[in-house]
Every structure is written in C-alpha cells, then in structure tokens.
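Scroll down for the structure; my scribbles are underneath it.
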Amino acid sequence: MRISTLNAYNTKSYIPSVFRGENNSISQSKILYSGNDFFDCISSSKIKDFHEIAEVNFKTPVTPYRAIWALAKSSDKNISQALLFKMHPYEELQEMAFDISSSEFLRDLKVKKLVGLGAFAFVFETDDGKILKITNGNHFPNRRKPDFFDVPIIQQGKACRTYYYIEDKLSQDDLSQDELKNLVKQIEERGYSLRYIYYTTLDGECLNKIKPEQFGRAKDGKIYLLDAGCAFPPEKPLINVKAFIKKLMQIFKIK
C-alpha cells in the first residue's frame, strides 16, 4: 500500500528523527519541508541516450535526504523518465529518504549534484568534491570484499536498509581501450565475471568495446572500476563430499 506524502508527513512514525526535538516530539519550527521550497531545489538536468541521467544540479548544496526527496517529487521529465527507466519507484525513494534521515553523518553532508544513476545506486558529488554513493543494498555483489580494482572507500555506513559510501572523485578523461582491456584482463584472471561493461546493440549483442564511463582514473594514474556491482566474485568450489568424509575418518582414526 502506498503511503501518500501528506500522510507520511502527518504520521509521527514517519517523521524522520532529524526533524524531531530532543523529547522526540515534532518541532514546529523545523517543519520547513512541508512547503514547496523543500522540493524546489533542482536547477537543471542533463540527459544522455536511453534516458540515462548525465547530471542533475541543485540550486545550492543540499542534504542527501532533501536531494532524494527532490528527485522523487520532481516534475522534470528527464528525471522522471530516468527513474522509471532504472526502475526506481516513488515508494523506494521515499523509504531511502527516511532511512538516510536517521544517519547523523549524512545529516551534516551536503551534495551539489547527482552525477550518476544506476539500477541500485544514486551517485552524488558532495560540496567538497567527493563522491557519495547511496544504494538500496550492499554495493558489493554477494557481499564480496573490496579488491584491487575497486575505488578505495573513505567512509561507509548503513542506515536501516540503505547503504552509503564516500569515495574520491575520479577523472574519466583519456581512458584508452588498451588500458581498459588490460584492467579487465587482470580482473578476470582473478576469477571475477564482469557485467555491464561492454557496449551492446539494441538486440543485446555484446560489442567488443568497453564502456569508459564504468571506469575512472585516480590522481596517481591508477584506473578503477567505478561500479563495484559490475564485478561478481568467483564461485566457491563445491565440496568433494567423499574426500571430506575420508579426511574426517583420518582425523578421528575411524576404520
């Protein structure tokens, strides 16, 4: 059942803690988000092919909570079509916004633009030039550990069902196919399977050309895979039951 915006604001259980007073009562002086000004903070948007968001700029830096709500309530066709294309319904953004409102760290953070939107992640640039990724699940497939090709994480955390990661912003200029192919080869040699990194035709046929937008270069020149969700860890080998039982028998000296 969908909870209307009006009900969400008027029901105490849905008022985020950031807007509550010390005695857990709703502070009337802080209910600024109920007016249109709270949502009217987007200045412009740019779109790429296939309804992909290039960026969404905010008029002034805003909290991640306000940024998510502004995207959810936006009447900008570029934004609404991109959210639809990436299958982010209104209810998902509503839950995500209330989740991150409970994080003290995110309350003090300000973002100035949305620079990426995936099937699982909202990628913002902070006012101090870092990258904030907000995801509706663990960013690493099968809860794998970060590896050599992942962008180093400066800080990470979880707010209810929502995860967040702070990273340095990487450059995406002058990434050659040779460099990318070399990195992909190294990743695959570690047993990882990579998805969503190649261009495809409208029929889904994979082209032998790597998407440079999935990678970035750090200040030291090292190239990283931007989306950790593209790299799936090696499958664990099945246990040889017969050999396992035999080993147990040897340990316990069972004949």
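The values are calculated or read from the model by the stated rules, or taken from the named source; none is laboratory data. None of the values given here were measured: they were computed from a predicted structure. We place every Cβ from the backbone using ideal geometry, glycine too, and count neighbours over all the protein chains shown. Only protein heavy atoms, including side chains, enter the accessible area calculation; ligands, DNA and RNA are left aside. Shrake-Rupley method; radii C 1.70, N 1.55, O 1.52, S 1.80 Å.
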Does segment 160-171 include one or more residues that are among the charged types (D, E, K, R), within 16 Å of residue 223 (Cβ to Cβ) and open to solvent by 90 Å² or more (accessible area, probe 1.4 Å)?
yes
Boolean, residue 194 is open to solvent by less than 50 Å² (accessible area, probe 1.4 Å) and either over 20 Å from the mean Cα position of the chain (by Cα) or farther than 21 Å from residue 218 by Cβ (or both)
no
Failed criterion for residue 32 (all others in (1) modelled with pLDDT of 90 or more; (2) in a loop (DSSP other than H, G, I, E, B) hold)
(1)
Would you list the strands (runs of 3 or more DSSP E) that sit entirely within segment 128-216 and hold 3 or more residues that are under 29 Å from residue 62 (Cβ atoms)?
130-135, 153-159, 162-168
Matching residues in segment 98-125 - criterion: being without any contact (Cβ under 8 Å) to a residue 40 or more places away in the chain and open to solvent by less than 40 Å² (accessible area, probe 1.4 Å)
123
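State which residue is farthest from residue 222 (Cα to Cα) when the search covers only segment 147-156 and only residues that are of a type outside the set (Val, Ile, Thr), open to solvent by less than 80 Å² (accessible area, probe 1.4 Å) and out of contact with any helix residue (DSSP H, G or I) (no Cβ under 6 Å at 6 or more places or on another chain).
Going through segment 147-156, the residues of a type outside the set (Val, Ile, Thr) turn out to be 147-150, 152, 155-156.
Of the ones still in play, those that are also open to solvent by less than 80 Å² (accessible area, probe 1.4 Å) are 147-150, 152, 155.
This time we only want the ones that are out of contact with any helix residue (DSSP H, G or I) (no Cβ under 6 Å at 6 or more places or on another chain), so: 147-148, 152, 155.
Values: 147: 14, 148: 10, 152: 11, 155: 20 Å.
Per the stated criteria, the residue is 155.
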